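Report on the following structure.
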Amino acid sequence: YKTLSRSNAGIAYAQAGHFTQAREWTNDGMEKAKMMSDELTRKRMTAYSYLASGYIEKEAGNYEKSEQFEEAVKLYETMKMPFNLYVAHKGKLLNHLALGKGAELERQIPLTLQLIEDYRAKILEEQERASFLDIEESVYDIAADYEFGNGKYEQAYNYTEISNSRSLLDWLQKGAKISGGKQKLEILLEDNATPLPLAEIRERMPEGAQILQYTVLENKVLIWLVSKEKFAVVPV
C-alpha cells in the first residue's frame, strides 16, 4: 500500500532524527489513506498513519502533541486488530509517563497490561509467546516502577510477578503439547495461567520460609523479601 510505505518511511526518518521529512511522509500517507474507497482498508490505513504520527512526535519529544495515539485507539477499537490496539494504548501510556500525568497513568496502566495479557493468550506457540513477553516486559517494569514510586509496594510486586517466568507457569499449570515433525518441533501451550497475587503467595508459604527476589528496572534494582510474617522491598 502507498499509505503503508509512506508511514513506514516516516518512522524510518524519525528513527534517524529527521523529523521534518518524517512528518512530510506520514502526512502524505494520511491524506492518501483518507481517500481510499474501501471503508475497512481506509480505517486500517488511517489508524496506522495515526500510529506512525504519534511515534514520530514521541521520538521528537513532543509528548503533548502525540494525541494521534488516541485517534488510533478509537479506530482500532472498531476493528479486530488486538496487537495494533495494544500498540496504540502503549503509546498513550508512554506519553502520560513522560508528561507525569498521574491520573491518566492510573487508568492507562491496567488497561495496557490487560491488552498484553489478552493478546498473549492468543499466541499458542511457546517460543513466540515467550518472545512477545520478553519484548513487552518493559511495560510491566514501567508499571512496577510507577507504583513503587507512589508507595504502593504490594501492587508493584504484583506487576513484577505477572511478567516473571510466565511460559514456565503456563506449562506447569495448564499443560502443553508437542507439534510438528522431525525437522521442526513446536511446543503449543494449552492455556494462559494466572500468577498468584502477593497475598495468596504469603498465605501459602510455610512458617520460617523466605523468598528473595530481584526486579531489574531501568535505573534501580528492587530487592523483595517475602515471607508469611513479613513483606519488604529495598531499592538499590
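Laboratory data are not the source of any read-out in this text; all were calculated from the coordinates shown. Being a predicted model, the structure only gives us computed values, none of them experimental. Note: ideal-geometry Cβ built from the backbone for every residue, glycine included; neighbour counts use all protein chains shown.
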Checklist outcome for this item: Amide H contacts under 5 Å for Leu217, restricted to residues at least 5 apart in sequence or on another chain and with H modeled in the peptide plane, are Leu222
Item to check | Residues of segment 44-70 with amide N under 19 Å of a point placed 7 Å along Cα→Cβ from Thr20 | outcome: 56-62
Next on the checklist: Using the Karplus curve 6.51 cos²θ - 1.76 cosθ + 1.60 with θ = phi - 60°, what ³J(HN,Hα) values do you get for each residue of segment 63-80, in whole Hz, with x for Gly and Pro?
Outcome noted: 4, 6, 9, 9, 5, 4, 4, 5, 5, 5, 4, 4, 6, 5, 5, 8, 10, 8
Checklist entry - Using the Karplus equation 6.51 cos²θ - 1.76 cosθ + 1.60 (θ = phi - 60°), what ³J(HN,Hα) coupling, rounded to whole Hz, does each residue of segment 104-112 give in order, writing x for Gly and Pro? => result 5, 4, 4, 7, 6, 4, x, 5, 5
